[in-house]
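The values are calculated or read from the model by the stated rules, or taken from the named source; none is laboratory data. Bear in mind the structure is a predicted one, so any value in this text is a computation, not a measurement. Positions of Cβ are generated from backbone atoms using ideal geometry, with glycine treated the same way; all protein chains shown enter the neighbour counts. Remember, those area values only see protein heavy atoms, side chains included, never the ligands or the DNA or RNA. Shrake-Rupley method; radii C 1.70, N 1.55, O 1.52, S 1.80 Å.
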Amino acid sequence: MARGLVVSEALTRIRSAQIGSAYLSSSLAMWDDRSQITKSLQDLPTILDALRRLGGPSRDGEWGVLEVAEHFARADAGYLRRLRAAVEGLEPPTPSVPPQTLVVSERTWDEFLTSRAKLMEFVGSLKDEDWEKVYITPRGEERTVRETLRMLVYHDRDHLEQAARATKVP
């Protein structure tokens, strides 16, 4: 019964996160609150773990939970490098070129948990003024730390939906 409750709660949260691209661009302002951004980023491992516990094979051509976790680990590490440089006033790091295929192993889940914990430690250390610091993205766009973390929330939600589809969650 407890497992069913966790899974049900996770599915409700995933479904409430479903957003179209038009809504996404118009709703970014909703996520200006530091605590909302932080909570959403912090909740990701719990929700993804509920999907992971559902098990089941992923659909052909779709990333399953572990592929999404591996992608999150890489994304978190990349965002953390850029955000840390922005806060410390350093030159933005050269983006690494991601491999064409994801490498899922026995360590994937732990690597994801470690990368998200490092990101959350960094987010927790940010001062109010750090949230408004600007950096240049790999595409040459100016973006604040707040905007980047807000975009990461939407990135997380998009891939949670993908993992739910691949896990054949109704």
### Query
Is there a residue in region 44-64 that is modelled with pLDDT of 75 or more, open to solvent by less than 30 Å² (accessible area, probe 1.4 Å) and touching an Asp or Glu at 6+ places or on another chain (Cβ under 7 Å)?
yes
### Query
Does region 22-35 contain at least one residue that is under 28 Å from Phe122 (Cβ atoms), at pLDDT 80 or above and not basic (Lys, Arg)?
yes
### Residue check, Gln18 under 15 Å from the mean Cα position of the chain (by Cα), under 19 Å from Glu121 (Cα atoms), surrounded by 11 or more Cβ atoms within 10 Å (Cβ to Cβ) and modelled with pLDDT under 90
no
### Task
Collect the residues in region 115-142 that are touching a strand residue (DSSP E or B) at 6+ places or on another chain (Cβ under 8 Å), over 16 Å from Lys39 (Cα atoms) and open to solvent by less than 30 Å² (accessible area, probe 1.4 Å), keeping them in residue-number order.
Tyr135, Thr137
### Task
Kindly check whether there is at least one residue in region 129-139 that is part of a loop (DSSP other than H, G, I, E, B), touching a helix residue (DSSP H, G or I) at 6+ places or on another chain (Cβ under 7 Å) and farther than 23 Å from Ile47 by Cα.
yes
### Task
Select from region 127-170 the residues that are hydrophobic (A, V, I, L, M, F, W, C) and farther than 13 Å from Tyr79 by Cβ and write down the one among them that is modelled with the lowest pLDDT.
Val169
